[in-house]
Amino acid sequence: MTDEPAAAQRPVEPPAAARPPEPRDGGDVELLGLIDRLAELLERSDLSELEVESGGTGLILRKPVVVAMAAAPAGVTAAAPAVAEAPPTAGEPSTAGRDPALIGRPSVKAPLTGIFYASPAPGTAPYVQAGGEVAVGQVIGLIEAMKLFNEIKSDLAGRVVRVVPDSGALVKAKQPLIEVEPL
């Protein structure tokens, strides 16, 4: 018997169930890389959730939601500003740092999740531009979902203040596509 304790003789490893499994093949490594890229895309976007399905596999990535405390305990001063902003609802972009005049402006929202295209073909003029006018029923863009291109028509009339997503960007159902100032 030695004078050293048992723990010092050999390193203690976590049980196999506590360790993540190692990638088995190139497909696993490629999938993990794709998930990392999707997480980066989600982090850089105004989306709060990203859902992807391929074959029989589905993946949902969500940004963490910061919940503001309703009331601080007595004697504790708040380090945060006095005005707390409610977290954005699912699919709605954050309003932090935006011009207050733009918040709450009417917008045409995406009816489905997919890739938004502002023009009918690459290199052609967009359906609508900021500063232009839009009529009810006018096509404002395309959303590609499941290899089908869906024309998105405006349900508002007025002057286009802003086209929210870039062409080629992933949009979520109920996400604003264009902000409209009624005439």
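The values are calculated or read from the model by the stated rules, or taken from the named source; none is laboratory data. In this text, all values refer to a predicted model and were calculated from it rather than measured experimentally. So basically every Cβ, Gly included, is an ideal-geometry build from the backbone, and we count neighbours across all protein chains shown. For accessibility, only protein heavy atoms count, side chains too; no ligands or nucleic acids. Shrake-Rupley method; radii C 1.70, N 1.55, O 1.52, S 1.80 Å.
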Test for P122: is it farther than 24 Å from S54 by Cα and either hydroxyl-bearing (S, T, Y) or out of contact with any strand residue (DSSP E or B) (no Cβ under 8 Å at 6 or more places or on another chain) (or both)
yes
Quick check on my filter: what residues within segment 154-167 are outside any strand (DSSP E or B) and in contact with a strand residue (DSSP E or B) (Cβ under 7 Å, 6 or more places away or on another chain)?
S154, D155, L156, A157, V164, P165, S167
Can you pull out every residue in segment 137-153 that is modelled with pLDDT under 95 and not in a strand (DSSP E or B)?
M146, K147
Check D36 against each of (1) surrounded by 11 or more Cβ atoms within 10 Å (Cβ to Cβ); (2) assigned to a helix (DSSP H, G or I); (3) at pLDDT 75 or above and name the one condition it does not meet.
(1)
Scanning segment 168-183 residue by residue, those part of a strand (DSSP E or B) and open to solvent by 40 Å² or more (accessible area, probe 1.4 Å) turn out to be L170, E181
Can you find even one residue in segment 100-110 that is under 19 Å from D46 (Cα atoms), modelled with pLDDT of 95 or more, within 18 Å of the chain's Cα centre (by Cα) and in a loop (DSSP other than H, G, I, E, B)?
yes
Members of segment 116-167 found to be open to solvent by 40 Å² or more (accessible area, probe 1.4 Å) and in contact (Cβ under 8 Å) with a residue 60 or more places away in the chain, listed by number
R162
If we scan segment 19-30, do we find a residue that is at pLDDT 75 or above and closer than 22 Å to F116 by Cα?
no
Number of the condition not met by A71 [criteria: (1) assigned to a loop (DSSP other than H, G, I, E, B); (2) of a type in the set (A, V, I, L, M, F, W, C); (3) open to solvent by less than 90 Å² (accessible area, probe 1.4 Å); (4) at pLDDT 60 or above]
(4)
Matching residues, segment 144-183, being of a type in the set (K, R) and in contact with a Leu (Cβ under 7 Å, 6 or more places away or on another chain):
R159, K172
